[in-house]
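Remarks on the structure that follows.
All of the numbers you see were taken from the coordinates with simple rules; none came from a lab. These numbers were taken from a predicted model, which means no experiment stands behind them. Cβ coordinates were reconstructed from backbone atoms using ideal geometry, including for glycine residues, and neighbour counts include every protein chain displayed.
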Amino acid sequence: MNFPLWSIHRFLVGAALALVIPMPHPARAQGPELRLDGRMPPEVETIYERGLAWLAQNQTDEGNWRGGQTGSGVDGICVMAFLASGEDPNFGRYAPNIRRALRAMIGGQDGESGYLPNSMYHHGFAMLALAEAYGAVDDSLIWQGGGKGRSIGEALDLAIRCAVTSQEKNRWGAWRYNPDSTDADTSVTGAVLMGLLAARNAGMEVPDESIDAALDYLRRSTGKNGYVAYSGGFGGMGESMNRSAIVALVHAVSKQTDTWHYEATLKHIDSRLDHQASGHYLEYFRYYMAQALFQGDYQDWQKWNAATLRQMANTQAEDGSFNGTPYQTGMSLLALGLNYRFLPIYER
């Protein structure tokens, strides 16, 4: 099997760093039986190729994506879509697109606070993308051709600091849309927490207290039946597959799977593999459901993945997009990204 150059590069860099830098958290290794089991469904390659081509064609010269929702989070989602299939971010065919996007994200970051606009929801996804690019993308190539900005590591460190500072000001120990928000919700908290977990897994310094406080908020929001409240930590325990999937995912990635909260949320989503989301929740649901099932129940993920793949093959537009927007296209591709399993955040 041929592995992408950037994957080999990342392995060599990581191995070299391990010799000289004590890692605060054990490195995660994904067994070959998970990366190599079975053949890649041909539909995945077809959908992904068409989707990436559309994203590349619709990126601005500055590196952003516009249309529908816009902001650093959408740019980060698109960056991860390119990285998820093993595209070489330094010398591959889409390397210029990846570099332009990272340059735009870093350039748009508030250099003092570390905030990645346009909301903490965007901040979380942008932080996640920076963490996945850290160690895989050559910083010198990002600013090739003029200008000099922060490295990915510097930008990521600032983003972590912003998230921690925002959380410290929040009475719930979590996050909502604004860095100064005093209320919190499950959706934004899940997005920011995933960014922090990815940064920690990449070797960045993230306070354990920040991770623990966010997980505690999500646990307080979880019912015994696996339902998860939307906001405030109490009440509103109506069924939401999105919220249950988010809570199951962050517990799995943070290695907190010995709690009843994790068991309840995983059991709930496992029992609803036929659930169909609609409207603007569709791509969001697929994104989190794919990861939560993959982490928690591999056999159920295989069933769900096959059904979702058929649906996406029938709904992808002729031009390769999903509903003609970067957000929906990027999120849809990432829901299939586990078929490749190149992003570190996708490892079990």
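General remarks:
- Residue 40 versus residue 62: modelled label distance in nm, points set 7 Å from Cα along the beta carbon direction: 3.4 nm
- A Förster radius of 25 Å, combined with the Cβ-Cβ distance separating residue 49 from residue 323, puts the computed FRET efficiency at roughly 0.85.
- Going from the fewest other Cβ atoms within 10 Å to the most, the residues 288, 227, 298 appear in the order 298, 227, 288.
- Pairs of Cα atoms nearer than 8 Å and 6+ residues apart set the relative contact order; for the range 44-338 it is 20 percent.
- Table column - 3J(HN,Hα) (Hz), the range 292-302, Karplus curve with 6.51, -1.76, 1.60, x for Gly and Pro: 5, 5, 4, 6, x, 8, 4, 5, 5, 4, 4
- FRET E, pair residue 230, residue 110, Förster distance 25 Å, beta-carbon r, rounded to 0.05: 0.35
- Only one residue of 293, 117, 206 has its Cα farthest out toward the positive end of the dipole of the chain, where Lys and Arg carry +1 and Asp and Glu -1 on Cβ, and that residue is 293.
- Given their separation in residues at 0.36 nm each and the Cα-Cα distance between them, residue 277 and residue 171 gain 35.0 nm when the chain is fully extended.
- Where [x] 18.8, 56; [y] 20.5, 60; [z] 25.5, 80 are the candidate values, the label of the one calculated here for Rg and Dmax of the Cα atoms in Å is [x].
- Of the residues 42, 271, 104, the one whose Cα sits farthest towards the positive end of the charge dipole of the chain is 271 (charges of +1 on Lys and Arg Cβ, -1 on Asp and Glu Cβ, taken about the Cα centre).
- Label point of residue 348 set 7 angstrom out along Cα-Cβ; within the range 275-301, amide nitrogens under 14 Å from it belong to 290-301.
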